[in-house]
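Rule-based calculations on the coordinates, nothing more; no lab input. Keep in mind that what you see is a predicted model, and the values were worked out from it rather than measured. No Cβ is skipped: glycine too gets one built from the backbone with ideal geometry, and neighbour counts run over all protein chains shown.
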Amino acid sequence: MANLTIRMDPDEKRKLSAWAEAKGKTLTDYLKDLVAADMARETPETRAKAWLAENRDAIAAEARRIEERGIPGADLAIHRPRFDDEV
């Protein structure tokens, strides 16, 4: 699992830390376990559908940019020098 930074109210963090400690865990491990349990309850398809719904506008905006301007950096990939090309 990658690093994750969660910002929360200090009082809420203190209460959550006490709850995690009562469970014999660090706050970080407690939160990781909560996320893992939440993800395990759903199917990959359900999670993908939720992600798509949340990011639909950003995906549509990116698709419009690609249609209007092409794929960023494609010209560099197409015209890059080969190993034996003289530069």
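Taking the stretch 1-45 on its own, what percent of its Cα-Cα pair distances exceed 16 Å? Don't jump to the answer; show the numbers that get you there.
Working: 457 of 990 pairs.
Distances greater than 16 Å cover 46 percent of the Cα pairs.
Starting from 0.36 nm per residue, how many nanometres of slack lie between residue 67 and residue 45 once their C-alpha separation is accounted for? Don't jump to the answer; show the numbers that get you there.
Details: separation 22, 0.36 × 22 = 7.92 nm, distance 2.76 nm.
Computed gain between residue 67 and residue 45 is 5.2 nm.
May I ask you to compute the full-extension gain from residue 9 to residue 32, defined as 0.36 nm times their residue separation minus their alpha-carbon distance, rounded to one decimal in nm?
Values: separation 23, 0.36 × 23 = 8.28 nm, distance 1.87 nm.
Taking residue 9 through residue 32 to full extension adds about 6.4 nm, to one decimal.
Between residue 16 and residue 52, take the C-beta separation as r, use R0 = 30 Å, and let me know the FRET efficiency to the nearest 0.05. Could you put the intermediate results ahead of the total?
On the way: r = 30 Å, r/R0 = 1.00.
Using R0 = 30 Å, I get an efficiency of 0.50.
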* Please name whichever of 46, 22, 34 sits farthest to the positive end of the charge dipole of the stretch 1-58, dipole taken about the Cα centre and charges placed at Cβ: Lys and Arg +1, Asp and Glu -1. => 22
